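Comments concern the structure below.
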């Protein structure tokens, strides 16, 4: 079983470096496979949850556990990738137990006598939580503050408890108290776990250089700091007492490389100090004494690039032969046999189902969709529609619903703009009206009485508004008995708004020849009622409008109306050809957006016509950082 710790200094930047930038490693699974470890602890991910993408969070073959900075973006953060064959008992964010809800807030921090966080007694806990001490409210608030920067994750493997840490750095004097409080909290948690009989592994960027052997130029540091004793700092004194022999943890790298000089894990990139190995050792793997016999190696990997740090890797034996005296061997011969690590880990009955895992985040578990998902092309294909008539509307509706993807799981949310009919009920097939839609220019002109009769019959079937005497329009529909009834505009057969965005038919209104009928034609037609002049005009206009609408349908097909596509969007929106959010060409869309957010070009002087000189305000005040331009001549 292999463990790796690595400060990546921005996890999304890894893919830009060799060999990850090669074709073989252009995805995060290839990167993790290249690192070749069962448990990969990364620090300084510099990403917040809103920017976390599925290809980074849901890497095939791995479970990921994340901790983010609660307020800052692109700062701090840790993650642990665990191969999915490795089972866990529990996973917690932070090192105090406050974020996981395993430490109850004191009474002053409770609202109305109730706990702010719900503590589930059935939930698996890692244990070893430090006490709040005297001033419980102040200590609890401090624990929250220390864990709010996304610096720690704790995983319980049963056989041992693992800490992945990105300890604070004293960038100035104000951060030193925060750093020391974080160290003391870590020590308190580890000591409590050891009291409970647990084995512990602490790995990560500890942000401390313990001895002169771990520094590239200790003499220069002494001269710059004015300190004669290299170890005479608060972080170094604490770290020395935290490690054996004074403490309970052992520096695993020094077990296998006791006095190796130049074993650095961090280099200054500003001066390109890595080739000359002018660096420091900040990354450690610390273990309790009970785990020491299980480890067979601990090494650095300075050839792995992509950060100002390099990985540190430790590997455990697959099995261990216990050394026993003759008396112990006689008493317990079964215990004297070789112990396999996988059998020990499996004996704790762990699982991969932990709420802290990224696969259970709302945005990745299907409970929540991102905005970009609404503009993706639907992968499902439209099924043949079933024409609904008054006699078969109920049965056909059920049959249509059973035909749509019988073997696929229906998605929880439907995309905003579907290419198929988006109504839940079966699409209604609007009947064609051949009486007033001539198929060619040679068709004989229809009379007004035929037009009105055909149009009224079609309107009764499809709820199209028909003109009445006096110019008023009412919606006409028929029930199963055939009787007429007038209804409002909101009907179940009303066309969806998406139907108005269909591609225009190849037939145009110019291809249709409809002659305006005369009054004599109307009076000469049997079973026709006299109409006023305005009624005749209204009927002709309605017929022409219905003809234009009906020509968008295929009268010989029962398939639903095709909803709009990205190409249609570009046709009827001015300027959409330049920046089209529904473009199916991903590279083209990316290029357009990149051009949109390019820095503003330096303008030219209006008088001389030459490029201006750019200046930035450096004086303190509200204008600091703003840019302005002046003539370069």
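The values are calculated or read from the model by the stated rules, or taken from the named source; none is laboratory data. Not measured: the values here are computed from a predicted model. Here Cβ is always computed from backbone atoms with ideal geometry, including for glycine, and neighbour counts include all displayed protein chains.
Miscellaneous remarks
Okay, residues lined up against (1) assigned to a loop (DSSP other than H, G, I, E, B); (2) out of contact with any strand residue (DSSP E or B) (no Cβ under 7 Å at 6 or more places or on another chain); (3) on the phi > 0 side of the Ramachandran plot:
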| position | (1), (2), (3) |
| --- | --- |
| 153 | no, no, no |
| 159 | yes, yes, no |
| 162 | no, no, no |
| 185 | no, yes, no |
| 189 | no, yes, no |
| 198 | yes, no, no |
| 232 | yes, yes, no |
| 237 | no, yes, no |
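- Count of residues meeting criterion [on the phi < 0 side of the Ramachandran plot and in a loop (DSSP other than H, G, I, E, B)] in the range 40-66: 8
- Considering only residues in the range 25-39 that are over 11 Å from residue 82 (Cα atoms) and in a loop (DSSP other than H, G, I, E, B), the one that is modelled with the lowest pLDDT turns out to be 26.
- Filtering 230, 239, 178 for residues that are surrounded by fewer than 21 Cβ atoms within 10 Å (Cβ to Cβ) and under 30 Å from residue 97 (Cα atoms) leaves a single hit, 178.
- Qualifying positions in the range 87-102 - within 12 Å of residue 161 (Cα to Cα) and over 22 Å from the mean Cα position of the chain (by Cα): 88, 89, 90, 95
- A count restricted to the range 20-45 and to residues that are in contact with a helix residue (DSSP H, G or I) (Cβ under 9 Å, 6 or more places away or on another chain) and buried (at least 19 other Cβ atoms within 10 Å of the Cβ) stands at 8.
- Qualifying residue in the range 113-125 (condition: surrounded by fewer than 16 Cβ atoms within 10 Å (Cβ to Cβ), modelled with pLDDT under 95 and under 25 Å from residue 27 (Cβ atoms)): no
- Verdict on residue 154 being under 23 Å from residue 311 (Cα atoms), crowded, with 21+ Cβ neighbours inside 10 Å, in contact with a helix residue (DSSP H, G or I) (Cβ under 6 Å, 6 or more places away or on another chain) and modelled with pLDDT of 95 or more: no
- Any hit, the range 284-300, residues being part of a loop (DSSP other than H, G, I, E, B), assigned by TED's automatic domain parsing to the domain that holds residue 222 and touching a strand residue (DSSP E or B) at 6+ places or on another chain (Cβ under 8 Å): no
- In the set (1) modelled with pLDDT under 95; (2) in a loop (DSSP other than H, G, I, E, B), residue 168 fails one condition alone, (1).
- Residues of the range 249-268 that are over 40 Å from the mean Cα position of the chain (by Cα) and part of a loop (DSSP other than H, G, I, E, B): 257, 258, 259, 260, 261, 262.
- Checked against the criterion of being assigned by TED's automatic domain parsing to the domain that holds residue 356 and either free of Cβ contacts under 8 Å to residues at least 60 places away in the same chain or in contact with a helix residue (DSSP H, G or I) (Cβ under 6 Å, 6 or more places away or on another chain) (or both), the range 86-93 has no qualifying residue.
- Checked against the criteria, residue 101 counts as modelled with pLDDT under 95 and within 22 Å of residue 362 (Cβ to Cβ).
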